[in-house]
Amino acid sequence: MTTCFPRLCCALLLLLLHAAESILGLNNSTEIKCIERERQALLHFKHGLIDGYGMLSTWRDDEKSRDCCKWKGIQCDHQTGHVSFLRLRGSDTQFLRGALNISSLFPLQNIQHLDLSNNGFVGSHIPQLIASLTNLRYLNLSYSDFGGSIPIQLGSLTNLRYLDFSYNNLDGKIPSQLGNLSQLKYLDLSYNMLTSSTFQLLSNFSLNLQELYLSHNDLVLSSPVHSTFPSLVILDLSYNNMTSFEGTSILASKLQNLYLQNCSLRDDNFLISATTIANSSSSLASLDLSSNLLKSSSIFYWLFNSTTNLRTLQLYNNMLEGPIPDGFGKVMNSLEVLDLHGNKLQGEIPSFFGNICTLESLILFKNKLSGKFSSFFQNSSWCNKHVFQILDLSSNNITGTLPKSIGLLSELEYLLLDGNCLEGDVTESHLSSFSKLRYLSLSNNSLSVKFVPTWVPPFQLQNLGLRSCKLGPSFPSWLHTQSSLNYLDISDNGLNYVPDWVWDNLQNMRTLNMSHNNLSGPIPNISLKLHYAPSVILNSNQFEGKIPSFLLQAFDLRLSNNKFSDLFSFICNQGNSEMWILDLSNNQLKGQLPDCWTSVDRLWYLDLSNNKLSGRIPLSMGSLVELKVLVLRNNNLTGELASTLKNCSNLNMLDVADNMLCGSIPSWIGESMQQLIILNMRENHFSGNLPIQLCYLNYIQLLDLSKNMLSKRIPSCLKELTAMSKKGIHTRGTLNFLDFMYIPDIKIYDYFVEEEYSFNISLIWKGVEQRFKNPELIKGIDLSSNKLTGEIPKEIGYLVGLVSLNLSRNNLSGKIPSEIGNLSSLESLDLSRNQISGGIPLPLSEIDNLGKLDLSHNFLSGRIPSGRHFETFDASSFEGNMYLCGEQLNKSCYGDGDQTTGKLSEAEAINDDEDSIFYEALYMSMGIGYFTGFWGLLGPMLLWSSWKNAYLDFLNRLTIGMYEQCGKCR
């Protein structure tokens, strides 16, 4: 009995422990499964979504997947089994779409974390019923295309700590009810379209708030704000209309980061010193006032007196002038990052920057700084040489040579000196100490890079810019050691040969620019699988033959101004391509356009101009539905426009000028291509009338249909051309994709190279072929050299943004409409060689910008208006009008010598001139008629006696007859 008692006690103890584990949830072998009601709710939630990427593939209603706690994106409370965590964050490669049915999640009353960010709920509104999930602590709906307003019901989610609605399309006011979220620490409403008539809403926010992001909205500070944020660490109000902070106090004693970028701040209304960040100066570590309108040095004085502990200061893209003040060297002893780029700062670069021992990044590009580069290194201790990482002095006026003392900065990762006036040699002795160098740009100077062929650099560069640096003619062999390069610009260096290893290195590159050299011969057709879809820029060389198929993997391929001859083998018989940009203009391409464009159906930009291509435009070009620019100018194309091109509804520019295309201008251009900004069909064989559907092109800014065989009238619906009826650049009328550039991932700023990557578009402008980098800046209509008839429609006066108008060499008649004087932006007007009559309307002479005028060879009459700058036009502008008169033609008008009638007004003079010309012509015609009739009747009588006798006999008998009749009447 005694021996059994201990065993019994042990058994009872084990039994009690097992029960306790079950009660307390300590038994790891006991698995908590999700609650059936919540599982059904999640399945119901899934049914409303479109899951094209398998994000919800584990959400299945079968025996093997009944435990929703194991589904992707789900976490359950390990004690209760309730769903507490739902995270369905998408990405660039996989995301959910469809309508969001929040009501199906009502059973998840214990959920604390809800993340549906980075998805595509296009057109959906944030559901008001989301406020029923009252236990939420984390709510993230950012980057998901939500629209509408922020529901006021969200104010009931009093347990929220984190709320992120950024990067959506939300509008309306920020509801004051958000001030009820007393536990909130993080609030991000940036990148929306939210408005507010006042910023008093700041006062309603939580006293526990630590981070507040409201940038990129339409918020307005219309009245003084007095708010206290005892816990606030980050405040971002960038990209709003702050304009003035007068009378405002934002008390935040713990504030470390303040961002007021692009808020239209000016010196005269930005009283930051006494108001904006009162009681915050001692803790402020990062201040961003970039992209404003600041230009006074007073901002520097405030900085030096109030923010001595700053570590990051960004004042870039303002209008700051004068020298860099020496206060930086005396006061700012904690600075780590200083960014003053994009201002108008002048003078030498102060050497005291080398005495700020904490300074890591000095970014001063795009200013007007001058002086010798070597003086920057003099009189400085360079106590920061062990932390200094970024030096960017690009695009200034710095002179001199590259000093060897630059090697002191051995920790440099970014050395960017392009776009200055540096000269001399750069040798390996300048760069041998830079073991950490990753970005090097010396482009656009007068430097010669002379490294010994056997030199092996101690660094592995990622980005290298040596444009115009006198590398050639031999290819630099040391580049073979740079296996980490993803950006290489060695354009304009006189190189004449490309080693095969260069093409092999393209495998890891994102950008290769070898344009404007003397490179010749064929490009080897190697078998190469590229890790990235790179930008390959080889234009302005002498490459010839076939285009190798591996280049089809590039997303940006520019091969213009070479001698390539075969387009078919490159486009056809290949796999699908990710290419966006293809420029093969100014080559020797010949034969018909290939009919296999489905293989490159992601193209945005296609330029095949100035080649020898022939035949019809193939139907498969209609598969390029993403296309924004199509340039086929100056080839030998024939036939009508392919009807499938109407599928290219995203086109901003269509240029088929200088071909042999025929037929009528299709109405579907106006119906389907309503995004067009530039339409150029110049010098073809198009015939028929101008379809009224062209008036549907609300964004059109350049319409050139000249040198065709178009007939009938100009449509009167011209006033519907909205972009031309507004001055300046239309908000959507911009070809932003033409300014494409590669921007590397730099942690401080987003600038590396710029000018090399802007496109040039060739267009006929004011009668002369010109090249434009920004064609959206021009607005013009050219219908010259056709067979158009009828009058110039007066509706043309609505196009007040028009800069150039050419209707010359047609059969237009009637008068010049006086409404043309409304075109105050007009710089060039050509109405020559038509059948236009009447006087020159006086309002035409009041267009101040008019620099080119041609009204010659018409039937205009009356006096040429005087005043303004009309006298500057010479006789060639008015010749060939028989009844025009005025000083320009050295021809006096009727009544110019009559001094008795007094001085007439300009309008009266023109009317009197027109009347006098009319009566003068009338009297002249009567005289000619009288002379002709008189001599036609009496001349023969005087010359031949038989005619005279017969005529007298006729008169005698006529007289006797009349007398006899008179006698009878009596």
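The values are calculated or read from the model by the stated rules, or taken from the named source; none is laboratory data. Just so you know, these numbers come straight off a predicted model, no measurement behind them. Please note: Cβ atoms are built from the backbone with ideal geometry, for glycine as well, and neighbour counts cover all protein chains shown.
List pairs: first in the range 461-486 and more than 19 Å from LEU437 (Cβ to Cβ), second buried (at least 20 other Cβ atoms within 10 Å of the Cβ) and small (Gly, Ala, Ser), Cβ under 9 Å, 6+ apart or cross-chain?
From residues that are more than 19 Å from LEU437 (Cβ to Cβ), the pairs are SER468/SER443; SER468/SER491.
Look through the range 64-88, keep the residues that are in a loop (DSSP other than H, G, I, E, B) and basic (Lys, Arg), and return whichever of them is farthest from ARG37 (Cα to Cα).
If we take residues in the range 64-88 being in a loop (DSSP other than H, G, I, E, B) and basic (Lys, Arg), then LYS72 is farthest from ARG37 (Cα to Cα).
With the structure loaded, tell me whether PRO453 is farther than 21 Å from LEU485 by Cβ and in contact with a helix residue (DSSP H, G or I) (Cβ under 9 Å, 6 or more places away or on another chain) or whether it fails that test.
Considered against the rule, which asks whether it is farther than 21 Å from LEU485 by Cβ and in contact with a helix residue (DSSP H, G or I) (Cβ under 9 Å, 6 or more places away or on another chain), PRO453 comes out as no.
Being at pLDDT below 85 and surrounded by fewer than 19 Cβ atoms within 10 Å (Cβ to Cβ) narrows it down to one residue among LEU26, LEU43; which is it? Reasoning before the result, please.
Numbers: LEU43 fails: at pLDDT below 85.
The unique qualifying residue is LEU26.
Here's the yes/no breakdown for (1) farther than 19 Å from LEU49 by Cα; (2) part of a helix (DSSP H, G or I); (3) over 30 Å from the mean Cα position of the chain (by Cα):
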| position | (1), (2), (3) |
| --- | --- |
| ASN110 | yes, no, yes |
| ASN118 | no, no, no |
| ALA131 | yes, yes, yes |
| ASN135 | yes, no, yes |
| TYR143 | no, no, no |
| GLN153 | yes, yes, yes |
| THR158 | yes, no, yes |
| GLY172 | yes, no, no |
| LEU184 | yes, no, yes |
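Enumerate the strands (runs of 3 or more DSSP E) found wholly within the range 849-889, keeping only those where 3 or more residues are under 20 Å from LEU802 (Cα atoms).
Working: elements: 852-854, 859-863, 883-885.
It comes to 852-854.
Please give the strands (runs of 3 or more DSSP E) falling wholly within the range 770-837 in which 2 or more residues are without any contact (Cβ under 8 Å) to a residue 40 or more places away in the chain and buried (at least 18 other Cβ atoms within 10 Å of the Cβ). Working first, answer last.
Values: elements: 780-782, 787-791, 804-806, 811-813, 828-830.
Per the criteria, 804-806.
Within the range 376-404, work out how many residues are of a type in the set (S, T, N, Q) and modelled with pLDDT of 90 or more. Let's see the steps before the verdict.
So in the range 376-404, the residues of a type in the set (S, T, N, Q) come out as 378-381, 384, 389, 394-397, 399, 401.
Imposing the further condition that a residue be modelled with pLDDT of 90 or more reduces the set to 384, 389, 394-397, 399, 401.
Total satisfying the criteria: 8.
I need a count of the residues in the range 561-570 that are surrounded by fewer than 21 Cβ atoms within 10 Å (Cβ to Cβ) and at pLDDT below 95.
4
Hey, TRP501 hits all of (1) in a loop (DSSP other than H, G, I, E, B); (2) closer than 24 Å to LEU528 by Cβ; (3) touching a helix residue (DSSP H, G or I) at 6+ places or on another chain (Cβ under 8 Å) but one; which does it fall short on?
(1)
Among the residues of the range 292-322, how many are of a type in the set (Val, Ile, Thr) and either under 24 Å from the mean Cα position of the chain (by Cα) or in a helix (DSSP H, G or I) (or both)? Explain how you work it out, then say what you get.
Going through the range 292-322, the residues of a type in the set (Val, Ile, Thr) turn out to be 299, 307-308, 312.
Now restrict to residues that are either under 24 Å from the mean Cα position of the chain (by Cα) or in a helix (DSSP H, G or I) (or both): 299.
Looking only at that region, the number is 1.
Any chance you could count how many residues in the range 523-551 are of a type in the set (Ser, Thr, Tyr) and assigned to a loop (DSSP other than H, G, I, E, B)?
Going through the range 523-551, the residues of a type in the set (Ser, Thr, Tyr) turn out to be 527, 532, 535, 540, 549.
Those still in the list that are assigned to a loop (DSSP other than H, G, I, E, B) too: 527, 532, 540.
Number of matching residues: 3.
How many residues does the range 86-116 contain that are under 19 Å from LEU136 (Cβ atoms), hydrophobic (A, V, I, L, M, F, W, C) and surrounded by fewer than 18 Cβ atoms within 10 Å (Cβ to Cβ)? Lay out the reasoning, then the answer.
Kept after step one, since they are under 19 Å from LEU136 (Cβ atoms), are these residues of the range 86-116: 86-89, 100-116.
Filter once more, so that each one left must be hydrophobic (A, V, I, L, M, F, W, C): 86, 88, 100, 102, 105-106, 108, 111, 114, 116.
Cutting the leftovers down to surrounded by fewer than 18 Cβ atoms within 10 Å (Cβ to Cβ) gives us 106.
Residues that pass the stated criteria total 1.
Just name the residue that is farthest from the chain's Cα centre (by Cα) out of those in the range 353-378 that are crowded, with 17+ Cβ neighbours inside 10 Å, within 21 Å of GLN314 (Cα to Cα) and not aliphatic (A, V, I, L, M).
The extreme case among them is ASN355.
Being in contact with a Phe, Trp or Tyr (Cβ under 8 Å, 6 or more places away or on another chain) and not polar (S, T, N, Q) is the filter; apply it to the range 850-879 and report the residue that is nearest to ARG833 (Cα to Cα). Full working, then the answer.
Kept after step one, since they are in contact with a Phe, Trp or Tyr (Cβ under 8 Å, 6 or more places away or on another chain), are these residues of the range 850-879: 853, 855-856, 859-862, 864.
Now narrow it down to the ones that are not polar (S, T, N, Q): 853, 855, 859-860, 862, 864.
On the way: LEU853: 13, LEU855: 8, PHE859: 9, LEU860: 11, GLY862: 18, ILE864: 18 Å.
It comes out as LEU855.
One line per residue, one yes/no per condition, for (1) polar (S, T, N, Q); (2) loosely packed, with under 15 Cβ neighbours inside 10 Å; (3) touching a Gly at 6+ places or on another chain (Cβ under 8 Å):
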residue: SER124; (1), (2), (3): yes, no, yes
residue: GLN128; (1), (2), (3): yes, yes, no
residue: GLY147; (1), (2), (3): no, no, yes
residue: LEU154; (1), (2), (3): no, no, no
residue: TYR162; (1), (2), (3): no, no, no
residue: PRO175; (1), (2), (3): no, no, yes
residue: ASP188; (1), (2), (3): no, no, no
residue: SER196; (1), (2), (3): yes, no, no
residue: GLN210; (1), (2), (3): yes, no, no
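Checking the condition in a loop (DSSP other than H, G, I, E, B) and surrounded by 19 or more Cβ atoms within 10 Å (Cβ to Cβ), which residue from LEU637, LEU603 passes? Walk me through it before giving the result.
Values: LEU637 fails: in a loop (DSSP other than H, G, I, E, B).
That would be LEU603, the only listed residue that is in a loop (DSSP other than H, G, I, E, B) and surrounded by 19 or more Cβ atoms within 10 Å (Cβ to Cβ).
Would you mind stating whether MET660 is over 19 Å from PRO548 (Cβ atoms), surrounded by 21 or more Cβ atoms within 10 Å (Cβ to Cβ), free of Cβ contacts under 8 Å to residues at least 40 places away in the same chain and in contact with a strand residue (DSSP E or B) (Cβ under 9 Å, 6 or more places away or on another chain)?
Details: over 19 Å from PRO548 (Cβ atoms): yes; surrounded by 21 or more Cβ atoms within 10 Å (Cβ to Cβ): no; free of Cβ contacts under 8 Å to residues at least 40 places away in the same chain: yes; in contact with a strand residue (DSSP E or B) (Cβ under 9 Å, 6 or more places away or on another chain): yes.
Here the answer is no, as MET660 does not meet what is asked.
For the range 427-453, name all the residues that are at pLDDT below 95 and among the charged types (D, E, K, R).
GLU428, LYS450
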